[in-house]
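As structure tokens, the structure follows; a few thoughts come after it.
Bear in mind that the values in this text are calculations on the coordinates, not laboratory data. Small disclaimer: the values here were computed from a predicted structure and weren't measured. Cβ atoms come from the backbone with ideal geometry, glycine included; neighbour counts cover every protein chain shown.
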Amino acid sequence: MGIGNIFKAFQPKDKVFFVLFEEVASNLVKMSKEFHEGLIDFDLNDDTLLKKMSDYEHKMDDLTHEIFVQLGENFITPFDREDINYLASGLDDIADYIFSSAKYIFLYKTPEVKEFSEFSLLIHKSCVELQNAIHNLNGFKNPAEVKESCIKINSFENIADDVLSQALVKLFESNDPINIIKVKDVLEYLEIVTDKAEDVANTIENIVIKYA
Amino acid sequence: MGIGNIFKAFQPKDKVFFVLFEEVASNLVKMSKEFHEGLIDFDLNDDTLLKKMSDYEHKMDDLTHEIFVQLGENFITPFDREDINYLASGLDDIADYIFSSAKYIFLYKTPEVKEFSEFSLLIHKSCVELQNAIHNLNGFKNPAEVKESCIKINSFENIADDVLSQALVKLFESNDPINIIKVKDVLEYLEIVTDKAEDVANTIENIVIKYA
Amino acid sequence: MGIGNIFKAFQPKDKVFFVLFEEVASNLVKMSKEFHEGLIDFDLNDDTLLKKMSDYEHKMDDLTHEIFVQLGENFITPFDREDINYLASGLDDIADYIFSSAKYIFLYKTPEVKEFSEFSLLIHKSCVELQNAIHNLNGFKNPAEVKESCIKINSFENIADDVLSQALVKLFESNDPINIIKVKDVLEYLEIVTDKAEDVANTIENIVIKYA
């Protein structure tokens, strides 16, 4: 077997990570889409949304675990093991905090607050950009496109910051401390989702800087 | 000196980490046992429990510092330096959040809430499994046993999640906002302890995947 | 070109990181100084302080981004890439949480609480010590001095912990739940700043242990 063939033999193992990350990204896009659609008009007596989010979150746990198993087994990785670790954990965090947001909406039986769906739209848009970034990271074929998606995710996080600020100011006007505690918790979980998306975008940008 | 002897010469240095990690784990088992026993029947006017937790936390700080000193000095480590770093920091976080939970119970003079001791029991059980996992990690002599302990810790964290959810629902029924703020803080600190134990279990699982 | 010259050729690239970290540290010292001066006597109707903090925070984002760009381009780094990553992210977190503290003071229109400026003084002192530690880290010329600064930062964090505890006890005596929620948020953001400074000090100590 010549040198060229040896490298070809390694290629499929390396590709495993991109296949898994593309599946993770696709799962996040679907999860955030159903989350957003569910929040536009939700019924606290029907916990279908919560069950769906729980299923997606478990699916993400399985995929993340599979990435760590591959990381343990594969000598060859497409980029630093540390970066694969950060990327996988960061993407899993997004799913965890989407699920937590949904959980606390139902647990607290919070009233419908219009900012919830403003957040979920920003979250869904961020997941779509993450999917695009991860797709274009494969083989480092389009670093400019990756970078553009990361910039968009950063801007969504900035908008989410403002949505939170304005929602909190309005919320405190209600003068109802128990309602404030409940809705504030949910708003903060939602905002953390956009923070986690930004963390992943930063990880992706750092990977592009190193390899592209 | 033959190659074999060279390796033997390195061994003691390598072992230093397991000796330290076993001491850390043993400290956490004792700390969590006293924490749990203290919470079963506690008296807010007697801060013995708080002082004990503070002593254990300082002991943990010293041990963690010693691990970092050894990490700086030892060229040979039993597994990735990064993993030793994560493991040491993660175990220290467990002690920090047990101490914070105790501190806020006394600081806020919170009423005795039955979920406090449900959490402390889960925390103690998690620490016992961490001790078992770390013991069997030494020399990678029993990866199956390590894995089983990690799975148990994950399940304790899942139970703790449910304990928190149910405790919060009940707490909000009190309709007393100031009490809600105080008890919610303590419950959340307690739940973070189980999160931190799960983080350590994940770090340990990743180490096993890589080396066993 | 002899070996010696090769090393000289690499030196300037390596120095880039210290130049950037010194600029980051200098920026944090100025930011924390203006933050502290602004909090000693602040007027909620004049958001000059908030705008200044926002400007500093953006400056820090730019510097942090530049460090990551250099990290991607430079093959030679003065210490582990991972440590440069931690150091840069940790210093950026300090600025983020100073800004968040300022933001919530104005957003919530919190009353002037004397502990705010106690915190900001501890924060400023920590930033001055960080600047000293980073300056002496350059070329590892004075490890004892670096260590001394790190110990001071740890002690400031301990004091901040006590400031928080005492402020919370006093705050709960007000019996005004909405005020408690607001002021508690700001106090916790301020305390996180000192935690982040301690994290950076620990990162710096670990670097010194490895290289000095």
Write down Rg/Rh for the stretch B:3-211, rounded to two decimals, with Rg from the C-alpha atoms and Rh from the Kirkwood relation over Cα pairs.
1.04
Ignore the peptide's own chain and count Cβ atoms of other chains within 10 Å of each Cβ in B:27-38; give me the average, rounded.
0
Need the C-alpha centroid separation for the stretch C:144-162 versus the stretch B:143-181, integer Å.
34 Å
Label 7 Å beyond Cα on the Cβ vector: A:E173 copy-to-copy distances, nm
3.4, 3.5
I'd like the mean, over residues of A:172-183, of how many other protein chain beta carbons sit within 10 Å of each residue's own Cβ.
4
Using the beta-carbon distance between C:T77 and B:T48 and R0 = 60 Å, what value does 1/(1 + (r/R0)^6) give for FRET efficiency, to the nearest 0.05?
0.75
Additional length obtainable on full extension of the chain from A:D162 to A:E66, 0.36 nm per residue less Cα span:
30.9 nm
On the principal axes of its Cα set, how long, how wide and how thick is the stretch B:51-141? Give whole Å, largest value first.
51, 26, 18
Find every distance from the label point of B:D41 to the corresponding label point in the other copies (7 Å from Cα along Cα→Cβ) and write them in nm, one decimal, shortest first.
5.8, 5.8
In nm, one decimal, shortest first: how far is the label point of A:V19 (7 Å from Cα along Cα to beta carbon) from the matching points in the other copies?
4.7, 4.7
Would you please give the FRET efficiency between C:E173 and C:I40, computed as 1/(1 + (r/R0)^6) with r the Cβ-Cβ distance and R0 = 22 Å, to the nearest 0.05?
0.35
Can you list which of the DSSP-assigned H helices in chain A have a Cα extent of 24 Å or more along the long axis and an average Kyte-Doolittle score of at least -0.5?
A:3-40, A:81-107, A:114-137, A:143-173, A:177-211
CD proxy at 222 nm, helix term only [per DSSP H run n ≥ 4: -39500 (n - 2.57); per residue of chain B; nearest 500]:
-31000 deg cm²/dmol
The stretch A:155-205 - Kirkwood radius from inverse mean 1/r over Cα pairs (Å):
11.7 Å
Give the separation of the Cα centroids, the stretch C:14-32 to the stretch A:29-60, in Å.
45 Å
Cβ neighbours within 10 Å from other chains - mean over C:161-167:
1
On each of the three principal axes the extent of the alpha-carbon atoms of the stretch C:104-212, given in whole Å and largest first, is 53, 23, 18
In A, who owns the beta-carbon nearest the axis carrying A over to C, and how many Å from it?
A:P177, 2
Residues of the stretch A:32-48 with backbone N under 18 Å of the label point set 7 Å from the Cα of A:E145 along Cα→Cβ are none
Starting from the eigenvalues of the Cα gyration tensor, five times each then square-rooted, give me the equivalent ellipsoid semi-axes of the protein assembly as shown, largest first, whole Å.
37, 30, 30
